[in-house]
Amino acid sequence: MVRPSQVYQIAVNILHSPLPIMVHASIQRNGVEIAATYQEIQEGIPEKLMMKMPPTSVPGDYRLRVDGNYNSLTGGQAFSNDTQLVFSQRSMTIFIQCDKPVYMQGQTIRVRTIPINTELKAFDGTVEVHILNPQGRIMRRWLSRQSNLGSVSLSYQLSDQPVFGEWRIKVIAQGQVEEQSVFVEEYYQTRFEVNVTMPAFFFENELYIHGIVQANYTSGAPVRGNLTLKASFKPINKYRQTSGTFENVPDRYFTFDEYYPSWFNPFERFQESVPVLRFFNGTYKFRYPMSDLLQYVPTTAEGVEVQVTATVGEHFLEEVIVGYSTARIYNSSVKIHFAGGSPQVFKPGMPFDLNLVASFHDSSPLRPEQLQGAQLELRGDIETRSSGRRSLDSHSFKVSPDNDAIWSLRIDLREQLYLPRNSSDTQHLLNDIITMRFFADFRDAEGHTAHAELLMLAHESPGQKHIKVWTSTEKATVGEYLVLHVQTNFYIESFNYLITSKGSIVLTGDELMQQTIKTFAMRSVTKFDSEGE
């Protein structure tokens, strides 16, 4: 993919050539060359060619063409190839922010736009901003606005009778267009508001679902009136929403244990069909048994979303305002899984890592008291083409709250099978492995158990040649060295490496391979770290 004003690198390495080769690279649009570079390359010396896309680039048929020619008396072409490229007009990211999503008549729309390039640096050019009403008419525009330290802040005053609907804010920078929608509605602030606050989620083994209802006037004074609470249910899984499982689940109304004054007899004055808290004084903390709420709900591991709706009626103004809050009810059972999913691919003869994570069913972390004294057992089997199935040694782990229920285990089949290091029979046996299966059993301090399985498939190589690259640096930091390891099961004199970020080459090099394992370090630069992995 190519973008306007971007600099792109081409890594060139001539593996075998008796003479130097003049390499010519070019980017063409509709058959016309718009960027080009050339350099003489010798065998075994990697080089990088750089080209810059014009800032005025427009969509079209883009291709990368690379030619290699001998500069000798006889001359001649060594190679030639062209590749289809994808053009993207997006050479930056334009953020558009407003102070709120909905405006009313007479208010001021405050807009801030922040354009940044692919290196996360501020765009130093000019931008054009338009404000359009729902009919698409331009109500205000700012041409060639220079950014102030990367941002452009503007405001627009709405009239007393604007066109209501969806307004659009359009920002144009270097030919790239971004839009943000806001709504202008005719509304008037209510006399009071009702807020319902609950935790984000509950577990189904908890005794109660709880929260707080608050109703206040715009002045902050509490609202006195009556209150009704009800709970509605729907599945989190979208498939279950259409399967009909929840169609007949009724709303559950909360009951109130309220103390009435001696002079008040509700049974003589009112006959309500739903429970009502008659003396509501602005705040009410509710708590309802989880078993009563879920006795009619078909809960499964996917979880259920509960919405608690509070309806407050005010006596003096005779107004009724509704507020609600949602929370999710998850399965409380624990689970353990192998990071990376199943199946995975391994390379015979090379160590590999197994990563396991124990958590609740919704992937939330386990409680520290559950991990105190918990146990994890890991066992495995291998299957070979000739000798059938063999079992590996099992591993037991003591769990503590310090490791956050995350384990990483390095598996070396030579050690697991007690094979000699440098032996042709060892390599033959390792290459004979077809699949491996690992089984993990977890038991927490409260007696909950979980089981997981992992299937691993051997990497297919016609010549039984494998190469593996990994890093021992857990957290790469800008300006610090990144340690890399390269391992092979066959002899190579040297290897070339290439590091890309977002599809662009940022670093190339070569290293001599003196043994089957090579460790080297490279220093991460600012551009490499800011652009991605």
Considering only region 334-372, state which residues are assigned to a loop (DSSP other than H, G, I, E, B), within 25 Å of the chain's Cα centre (by Cα) and under 30 Å from residue 206 (Cβ atoms). 339, 361, 362, 363, 364, 365, 366, 367
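What do you reckon, is residue 206 outside any strand (DSSP E or B), closer than 30 Å to residue 316 by Cβ and among the acidic types (Asp, Glu)?
Numbers: outside any strand (DSSP E or B): yes; closer than 30 Å to residue 316 by Cβ: no; among the acidic types (Asp, Glu): yes.
Answer is no for this residue.
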Is it true that some residue in region 521-529 is modelled with pLDDT under 85, over 28 Å from the mean Cα position of the chain (by Cα) and among the aromatic types (Phe, Trp, Tyr)? no
Out of 226, 237, 216, which single residue is assigned by TED's automatic domain parsing to the domain that holds residue 285, modelled with pLDDT under 80 and of a type outside the set (Gly, Ala, Ser)? 237
Which of (1) loosely packed, with under 14 Cβ neighbours inside 10 Å; (2) in contact (Cβ under 8 Å) with a residue 24 or more places away in the chain; (3) over 30 Å from residue 41 (Cβ atoms) does residue 99 not meet, given it meets every other one? (2)
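Show me the strands (runs of 3 or more DSSP E) entirely contained within region 457-515 in which 3 or more residues are modelled with pLDDT under 85, hydrophobic (A, V, I, L, M, F, W, C) and under 29 Å from residue 8 (Cα atoms). Full working, then the answer.
Numbers: elements: 467-471, 481-488, 494-501, 504-512.
Correct list: 504-512.
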Give just the number: which of (1) over 30 Å from residue 331 (Cβ atoms); (2) in contact with a helix residue (DSSP H, G or I) (Cβ under 8 Å, 6 or more places away or on another chain); (3) in the same structural domain as residue 344 (by TED's automatic domain parsing) does residue 432 not satisfy? (2)
Looking only at residues in region 373-402 that are modelled with pLDDT under 80 and under 14 Å from residue 444 (Cα atoms), which one is nearest to the chain's Cα centre (by Cα)? 401
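Looking at region 163-195 only, could you name the residues that are in a loop (DSSP other than H, G, I, E, B), out of contact with any Phe, Trp or Tyr (no Cβ under 8 Å at 6 or more places or on another chain) and under 30 Å from residue 324 (Cβ atoms)?
From region 163-195, those in a loop (DSSP other than H, G, I, E, B) are 163-164, 174-175, 185-191; that's our starting set.
When the remaining residues are screened for being out of contact with any Phe, Trp or Tyr (no Cβ under 8 Å at 6 or more places or on another chain), the result is 163-164, 175, 187-190.
Result: 164, 187, 188, 189, 190.
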Within region 23-36, how many residues are outside any loop (DSSP other than H, G, I, E, B), loosely packed, with under 15 Cβ neighbours inside 10 Å and not small (Gly, Ala, Ser)? 2
Among the residues in region 439-451, are any closer than 22 Å to residue 332 by Cβ and in contact with a Phe, Trp or Tyr (Cβ under 6 Å, 6 or more places away or on another chain)? yes
Residues to consider are 102, 66; find the one that is within 24 Å of residue 506 (Cα to Cα) and among the β-branched types (Val, Ile, Thr). 66
Here the residues within region 7-22 that are assigned to a loop (DSSP other than H, G, I, E, B) and either buried (at least 19 other Cβ atoms within 10 Å of the Cβ) or at pLDDT below 85 (or both) are 18
Please specify each residue of region 427-452 satisfying the condition of being in a helix (DSSP H, G or I) and either within 25 Å of residue 360 (Cα to Cα) or without any contact (Cβ under 8 Å) to a residue 40 or more places away in the chain (or both). 428
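The values are calculated or read from the model by the stated rules, or taken from the named source; none is laboratory data. Please read all numbers here as calculations on a predicted model, not as lab measurements. Positions of Cβ are backbone-derived with ideal geometry, glycine not excepted, and every protein chain shown enters the neighbour counts.
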